[in-house]
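J.: Questions regarding the structure given below will be posed in turn.
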Ligand SMILES: NC(=O)c1ccc[n+]([C@@H]2O[C@H](COP(=O)([O-])OP(=O)(O)OC[C@H]3O[C@@H](n4cnc5c(N)ncnc54)[C@H](OP(=O)(O)O)[C@@H]3O)[C@@H](O)[C@H]2O)c1
């Protein structure tokens, strides 16, 4: 039975919420965070186990030291936050939106990993959630790919610089979560299109990414690794 504590930044929805549920089943102690207090509260009520929920904005870099002080000591950090800023065809993508994407995802991940260090166990781990746009060559994802490749680049560097803390990254493919804030019809069509291009023939569900994250947290001999969990979409077909 695990009594280790995991902090999930972006734990009130999608991949982070599924990871919280999966880890609570494995008897980890879990803290979830998010900006929207009502969403965070609803997420907390949907979960069973040793759970705390703390509202914070991970993109408010100046506020992060105080936010981690309020969280206190823990064993594993999961960075599952991020929105969809930076998507669009390279020739016309809005540069201000790409910049927002870097600020809201890359910088937030970078700064959380730095600010947590006084509270993170040396026997623990950091797991970044990047995206397969960092490995695939999909038109329309130059911004997203750059944002997420920068995050994936951190794992091997920090695995060495922060040793013995293990640092890894999960790179999900297309996963059915509220990140895709489309109408039901557009969502259905979009997912059908991605499913047709994915070797396993479907999009993923957040529980599958949670399993990959739980592996990286639990396996004490894996560090500096990016685990691609994408149904094979990066391979193209
Ligand atoms: N879904 C996919 O197909 C997919 C594929 C590849 C990679 N990813 C990546 O996986 C990560 C999680 O995505 P998801 O699909 O689980 O999205 P989601 O369902 O929208 O969940 C995002 C979570 O992050 C929180 N969050 C966002 N900005 C935050 C901030 N500044 N500070 C604190 N919390 C913040 C959100 O809560 P609040 O809004 O209340 O803050 C929410 O809990 C993202 O980085 C995304 O890029 C997703």
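Readers should treat all values here as calculations from the given coordinates under stated rules, not as data from a laboratory. Note that the structure is a prediction, hence the values are computed from the model and not measured. Positions of Cβ are backbone-derived with ideal geometry, glycine not excepted, and every protein chain shown enters the neighbour counts.
J.: Can residue 4 be described as crowded, with 19+ Cβ neighbours inside 10 Å, over 15 Å from the mean Cα position of the chain (by Cα) and more than 9 Å from the ligand (Cβ to nearest atom)?
T.: Numbers: crowded, with 19+ Cβ neighbours inside 10 Å: yes; over 15 Å from the mean Cα position of the chain (by Cα): yes; more than 9 Å from the ligand (Cβ to nearest atom): yes.
Criteria met by residue 4.
J.: Conditions: (1) touching a strand residue (DSSP E or B) at 6+ places or on another chain (Cβ under 6 Å); (2) more than 16 Å from residue 14 (Cα to Cα); (3) crowded, with 20+ Cβ neighbours inside 10 Å. Residue 54 meets all but one. Number of the miss?
T.: (3)
J.: Something else: Scan region 128-137 residue by residue and report those that are outside any helix (DSSP H, G or I) and within 17 Å of the chain's Cα centre (by Cα).
T.: 128, 129, 130, 131, 135
J.: Are any of the residues in region 60-73 away from the ligand (no atom under 16 Å from the Cβ), crowded, with 19+ Cβ neighbours inside 10 Å, more than 19 Å from residue 179 (Cα to Cα) and over 17 Å from the mean Cα position of the chain (by Cα)?
T.: So in region 60-73, the residues away from the ligand (no atom under 16 Å from the Cβ) come out as 69, 72-73.
Narrowing the set further to residues that are crowded, with 19+ Cβ neighbours inside 10 Å leaves none.
For region 60-73, residues away from the ligand (no atom under 16 Å from the Cβ), crowded, with 19+ Cβ neighbours inside 10 Å, more than 19 Å from residue 179 (Cα to Cα) and over 17 Å from the mean Cα position of the chain (by Cα): absent.
J.: From the list 108, 113, pick out the single residue that is farther than 21 Å from residue 194 by Cβ and within 12 Å of the ligand (Cβ to nearest atom).
T.: 108 is the lone residue from the list that is farther than 21 Å from residue 194 by Cβ and within 12 Å of the ligand (Cβ to nearest atom).
J.: Residues being outside any helix (DSSP H, G or I) and within 15 Å of the ligand (Cβ to nearest atom): count how many of those fall in region 138-152.
T.: Number satisfying all stated conditions: 3.
J.: Right, here's the next one. Mind checking whether some residue in region 114-127 is within 23 Å of residue 177 (Cα to Cα), in contact (Cβ under 8 Å) with a residue 60 or more places away in the chain and either within 17 Å of the chain's Cα centre (by Cα) or not in a helix (DSSP H, G or I) (or both)?
T.: yes
J.: Continuing with this model, one more query. All but one of (1) over 30 Å from residue 142 (Cβ atoms); (2) surrounded by fewer than 16 Cβ atoms within 10 Å (Cβ to Cβ); (3) away from the ligand (no atom under 15 Å from the Cβ) hold for residue 91; state the number of the condition that does not hold.
T.: Unmet for residue 91, out of (1) over 30 Å from residue 142 (Cβ atoms); (2) surrounded by fewer than 16 Cβ atoms within 10 Å (Cβ to Cβ); (3) away from the ligand (no atom under 15 Å from the Cβ): (1).
J.: Evaluate the following for residue 191: is it near the ligand (Cβ under 10 Å from one of its atoms), in a helix (DSSP H, G or I) and either surrounded by 13 or more Cβ atoms within 10 Å (Cβ to Cβ) or free of Cβ contacts under 8 Å to residues at least 24 places away in the same chain (or both)?
T.: Against the criterion (near the ligand (Cβ under 10 Å from one of its atoms), in a helix (DSSP H, G or I) and either surrounded by 13 or more Cβ atoms within 10 Å (Cβ to Cβ) or free of Cβ contacts under 8 Å to residues at least 24 places away in the same chain (or both)), residue 191 qualifies.
J.: Looking at region 24-51, which of the residues that are more than 15 Å from the ligand (Cβ to nearest atom) and over 15 Å from residue 214 (Cβ atoms) is surrounded by the fewest Cβ atoms within 10 Å (Cβ to Cβ)?
T.: Looking at the filtered set, the residue picked out is 48.
J.: Do we find a residue being part of a loop (DSSP other than H, G, I, E, B), over 28 Å from residue 91 (Cβ atoms), touching a helix residue (DSSP H, G or I) at 6+ places or on another chain (Cβ under 8 Å) and within 14 Å of the ligand (Cβ to nearest atom) anywhere in region 153-176?
T.: yes
J.: Is one or more of the residues making up region 16-23 outside any strand (DSSP E or B), more than 12 Å from the ligand (Cβ to nearest atom) and in contact with a strand residue (DSSP E or B) (Cβ under 8 Å, 6 or more places away or on another chain)?
T.: yes
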